[in-house]
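What follows is a single structure, written as structure tokens, with notes after it.
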Amino acid sequence: MLNLETIVFAILALIAVAAAVLMITSRNAVHSALFLVVVMSSLAVFFLGLWAPFVAMVQVAVYAGAIMVLFLFVIMLLGAEKIGARMGRSWQLPVAIGMGVVVLGLGVFMLLNTAPIEVLDRPAADIVMGSAEAIGAALYSEWLFPFEAISILLLVAMIGAVVMTGHAGKKKSA
Amino acid sequence: MSNASFVTLFPVIIGLSVVLFTLGVVGVLTRRNAIIIFMSVELMLNAANLAFIAFARSFNQIDGQVFVFFVMVVAAAEVAVGLALIVAVFRTRQSINVDDINQLKG
């Protein structure tokens, strides 16, 4: 069954996994950040294919845009491209890879041992699509309290970031 | 020809999510640069987001997509605070190698 969706999926999945592997293996932190942008962009295309166009746009704008720019800014501000490129203790790498294999095995085991989920192939008109209107309606009705709570979380994070960096600067000059 | 794109590939998409999450775990465990550890955590959050979106599609519910928004907001807050912490640690210790940061005293 080699239709267009399968081909698009295979190419995107290969790009995402390859970029993720390169991200965790590359010696230069700037290269890692750029490979993470590739992973996030290919996931945005997955979101488009899964009827979530608004989330896909937010993924590109917020994740691949704002958050990764913040990462790149800090890497270049600190000049931290090469820090920690090599493992300090040689026994850590095999242990880490072993634990990664265990996590992967656990995920595959759970995937194979759960009851298959009934995915109905509905006509296009019946599919709930994640348009901006639908997500806004859900956010402001059913999810109103979490929405307000998370705005306070963002405010606290902003104040925390300003306080931490400001305090460290004063301590050094004093 | 199905009009519901990617729907027949649902278990494979969850499998891709598992693989990406595992790569994030390996990145956290193997890398010593605090910024790259943060980026690996972001990779894990993205893998979870992919699973959320896939399940939202399979159950035909919008709530999974709303939850992805909350994950993104928490990730943004985490990055802001975490990078501020990294900058503060770098100012006092001149390093962000997590093997060098082994004291609670500043």
**Request:** Of all residues in segment B:35-61, count the ones that are free of Cβ contacts under 8 Å to residues at least 12 places away in the same chain and among the polar types (S, T, N, Q).
**Result:** 2
**Message:** What's the total number of residues in segment A:139-164 that are modelled with pLDDT under 90 and loosely packed, with under 11 Cβ neighbours inside 10 Å?
**Reply:** 0
**Asked** Are there any pairs with C-beta distances below 8 angstrom linking a residue in segment A:57-77 that is in contact (Cβ under 8 Å) with a residue 12 or more places away in the chain and within 8 Å of another protein chain (Cβ to nearest Cβ) to a residue that is of a type in the set (V, I, T) and assigned to a helix (DSSP H, G or I), with the two at least 6 apart or on different chains, and if so which?
**Response** A:F71/B:I35; A:F71/B:V79; A:I75/A:V30; A:I75/B:I35
**Asked** When you go through B:F52, B:F90, B:F67, B:F10 one by one, which is the residue that is closer than 19 Å to A:S41 by Cα, aromatic (F, W, Y) and either surrounded by 17 or more Cβ atoms within 10 Å (Cβ to Cβ) or at the interface with another protein chain (Cβ under 7 Å from one of its Cβ atoms) (or both)?
**Response** B:F52
**Request:** Answer yes or no: is there a residue in segment A:87-95 that is of a type in the set (A, V, I, L, M), surrounded by fewer than 19 Cβ atoms within 10 Å (Cβ to Cβ) and outside any helix (DSSP H, G or I).
**Result:** yes
**Request:** Name every residue in segment B:2-40 that is aromatic (F, W, Y) and modelled with pLDDT of 85 or more, in order of residue number.
**Result:** B:F21, B:F38
**Item:** Only one of A:F73, A:F54, A:F47 that is surrounded by 21 or more Cβ atoms within 10 Å (Cβ to Cβ) and either of a type in the set (F, W, Y) or on the phi > 0 side of the Ramachandran plot (or both)
**Value:** A:F47
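The values are calculated or read from the model by the stated rules, or taken from the named source; none is laboratory data. Owing to the predicted nature of the structure, the values given are computational and were not obtained by experimental measurement. Neighbour counts are summed over all protein chains in view; Cβ atoms, including those assigned to glycine, are modelled from backbone coordinates with ideal geometry.
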